[in-house]
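The values are calculated or read from the model by the stated rules, or taken from the named source; none is laboratory data. Just so it is clear, the model here is predicted, and its values are computed rather than measured. FYI the Cβ positions are ideal-geometry reconstructions off the backbone, even for glycines, and counts take in every protein chain you see.
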Amino acid sequence: MRTLITGINGFVGGHLAEYLLTMPGWEIWGVSRAEQLALPQIRDQVRLIRADLCDAAQTDAAIATARPDVIFHLAGQPFVPESFRDPAATLNTNILAQLHILLALIAQKRHTRVLAVCTNEEYGTITPADLPIDEDTPLRPANPYGVSKVAQDMLAFQYHTSHGLDVVRVRPFTHIGPRQSERFVAAAFARQIAQIEAGVQPPVLRVGNLSAQRDFTDVRDIVRAYVLAVEHGAAGQVYNIGSGQAVTIQALLEQLLALSSIQVDVQPDPQRMRPVDVPLVVCNPGRFQACTGWTPHISFEQTLQDILHDWRTRI
């Protein structure tokens with residue numbers, strides 16, 4: 001099975017490539033604007049195509065070169081605060097990249113299965129009556145990133161309907177794990193703890209909104225789910241992927257601090273606050289579990305240990 005991973009140099013893309021390399025029968029190609037693969041351990045086993053998916057001609061050429069049976073479309077601008085700072089770039093990057101992939105497949109008459117990776121941020125403003133969130137919950141995005149992913153989601157559905165493209169859509173909820181950017185909450189806390197332990201940061205830990213509750217899943221469970229979605233998902237269908245459990249950011253921070261002996265002063269940081277922050281998000285993954293049998297294998301505690309260990313090795 002020949003697969004093309006867009007955004008292979010990203011957090012999720014690297015973990016997906018590593019997972020596929022443990023499975024027989026997968027030939028892996030990646031596409032990125034970078035000149036080489038970010039993970040040294042996969043460079044001898046993955047073929048990289050350098051291309052900007054916001055350029056239609058480069059996208060068409062990349063797909064013609066890879067001739068994939070499956071595309072895992074992960075590339076995009078994933079950071080909610082950045083989408084508020086530069087909404088135009090977020091919309092342009094996320095929407096055009098997916099559109100160019102779909103148009104290239106049509107032009108080349110390829111019968112490629114596409115996993116369109118969307119997000120729970122599409123649901124946006126959640127009411128208590130919406131919980132737990134299933135796929136029929138109204139889409140009310142609360143940030144420009146969510147808007148861009150709604151557009152991706154609907155483009156995938158539209159081209160399945162209008163042109164018969166073999167597209168499966170997934171809406172993953174918050175996923176965390178080793179190698180994630182410090183722009184995201186668990187990594188941001190772990191990085192600061194590791195820096196304080198190493199004596200390169202004063203014992204002050206800066207935080208955003210600690211009362212928000214989120215549905216966290218380990219990225220390694222998420223990429224396993226993506227492969228199952230490709231193998232078993234129905235064309236045109238959409239699936240939520242998440243643990244089905246909500247954890248407060250406060251509890252996440254306390255568990256990370258419990259893994260360290262440091263004493264810290266926790267201080268709020270206005271720069272880490274979102275203009276709009278939904279209080280409670282929890283996934284109903286029932287449709288996906290019924291289709292694939294997937295459940296998370298990695299405990300929340302293990303995920304946090306691995307994240308902190310990752311940052312300790314980096315600092």
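Every condition in (1) over 23 Å from Gly244 (Cβ atoms); (2) in contact with a strand residue (DSSP E or B) (Cβ under 8 Å, 6 or more places away or on another chain); (3) not in a helix (DSSP H, G or I) holds for Arg169 except the one numbered (1). Scanning the stretch 93-101 turns up one or more residues that are of a type in the set (S, T, N, Q), crowded, with 23+ Cβ neighbours inside 10 Å and closer than 22 Å to Gln237 by Cβ. Identify, please: which residue in the stretch 290-309 is hydrophobic (A, V, I, L, M, F, W, C) and part of a loop (DSSP other than H, G, I, E, B) and is, among those, surrounded by the most Cβ atoms within 10 Å (Cβ to Cβ)? Taking the candidates together, the pick is Trp294.
Out of Arg312, Arg287, Arg272, Arg220, which single residue is within 19 Å of the chain's Cα centre (by Cα) and surrounded by 13 or more Cβ atoms within 10 Å (Cβ to Cβ)? Steps first, answer last, please.
Working: Arg312 fails: within 19 Å of the chain's Cα centre (by Cα); Arg287 fails: within 19 Å of the chain's Cα centre (by Cα); Arg272 fails: within 19 Å of the chain's Cα centre (by Cα).
Exactly one residue qualifies, and that residue is Arg220.
If a residue has to be part of a loop (DSSP other than H, G, I, E, B) and free of Cβ contacts under 8 Å to residues at least 24 places away in the same chain to count, how many in the stretch 1-52 make the cut?
Filtering the stretch 1-52 for residues part of a loop (DSSP other than H, G, I, E, B) gives 1, 7-10, 22-26, 33-39, 43-46, 51-52.
If we keep only those that are free of Cβ contacts under 8 Å to residues at least 24 places away in the same chain too, we end up with 22, 24, 33, 35-36, 43-44, 51-52.
Here the count works out to 9.
Answer yes or no: is there a residue in the stretch 30-38 that is surrounded by fewer than 18 Cβ atoms within 10 Å (Cβ to Cβ), of a type in the set (Lys, Arg), within 28 Å of Pro178 (Cβ to Cβ) and in contact with an Asp or Glu (Cβ under 8 Å, 6 or more places away or on another chain). So far as the stretch 30-38 goes, yes, one or more of its residues are surrounded by fewer than 18 Cβ atoms within 10 Å (Cβ to Cβ), of a type in the set (Lys, Arg), within 28 Å of Pro178 (Cβ to Cβ) and in contact with an Asp or Glu (Cβ under 8 Å, 6 or more places away or on another chain). Pick from the stretch 1-22 the residues that are closer than 15 Å to Asp221 by Cβ and among the β-branched types (Val, Ile, Thr): which of them is surrounded by the fewest Cβ atoms within 10 Å (Cβ to Cβ)? It comes out as Thr22.
Is it true that some residue in the stretch 60-72 is in a helix (DSSP H, G or I), crowded, with 17+ Cβ neighbours inside 10 Å and acidic (Asp, Glu)? Quick ask: steps written out before the conclusion?
Residues of the stretch 60-72 that are in a helix (DSSP H, G or I), as a first pass: 60-66.
Among the residues that remain, those that are also crowded, with 17+ Cβ neighbours inside 10 Å are: 60, 62-63, 66.
When the remaining residues are screened for being acidic (Asp, Glu), the result is 60.
Yes - at least one qualifying residue is present in the stretch 60-72.
I'm checking my understanding of the structure. Among residues of the stretch 73-92 that are assigned to a loop (DSSP other than H, G, I, E, B) and within 18 Å of the chain's Cα centre (by Cα), which one is surrounded by the fewest Cβ atoms within 10 Å (Cβ to Cβ)? It would help to see each step written out before you state the result.
So the first thing to find is which residues in the stretch 73-92 are assigned to a loop (DSSP other than H, G, I, E, B), and the list is 74-79, 86.
From the residues that got through so far, the ones that are within 18 Å of the chain's Cα centre (by Cα) too are 74-79.
Numbers: Leu74: 24, Ala75: 27, Gly76: 22, Gln77: 18, Pro78: 24, Phe79: 14.
The residue in question is Phe79.
Looking across Val200, Val230, Val150, one residue alone is β-branched (Val, Ile, Thr), surrounded by fewer than 23 Cβ atoms within 10 Å (Cβ to Cβ), part of a helix (DSSP H, G or I) and touching a residue at least 60 places away in the same chain (Cβ under 8 Å). It is Val230.
For residues that are over 16 Å from the mean Cα position of the chain (by Cα) and either among the polar types (S, T, N, Q) or in a loop (DSSP other than H, G, I, E, B) (or both), tally how many sit in the stretch 203-217. Quick ask: steps written out before the conclusion?
Applying the first criterion (over 16 Å from the mean Cα position of the chain (by Cα)) to the stretch 203-217 yields 203-213.
If we keep only those that are either among the polar types (S, T, N, Q) or in a loop (DSSP other than H, G, I, E, B) (or both) as well, we get 203, 208-213.
Of the residues in the stretch 203-217, 7 are over 16 Å from the mean Cα position of the chain (by Cα) and either among the polar types (S, T, N, Q) or in a loop (DSSP other than H, G, I, E, B) (or both).
Any idea which residue in the stretch 102-120 is surrounded by the fewest Cβ atoms within 10 Å (Cβ to Cβ), counting only those that are over 29 Å from Val282 (Cα atoms) and in contact with a Leu (Cβ under 8 Å, 6 or more places away or on another chain)? Only one residue fits best here, namely Ile106. When you look at Gln267, is it touching a residue at least 12 places away in the same chain (Cβ under 8 Å) and either over 25 Å from Glu135 (Cβ atoms) or part of a helix (DSSP H, G or I) (or both), yes or no? Against the criterion (touching a residue at least 12 places away in the same chain (Cβ under 8 Å) and either over 25 Å from Glu135 (Cβ atoms) or part of a helix (DSSP H, G or I) (or both)), Gln267 qualifies.
Regarding the stretch 75-85, can at least one residue be identified that is of a type in the set (A, V, I, L, M), in the same structural domain as Leu155 (by TED's automatic domain parsing) and touching a Gly at 6+ places or on another chain (Cβ under 6 Å)? Yes - at least one qualifying residue is present in the stretch 75-85.
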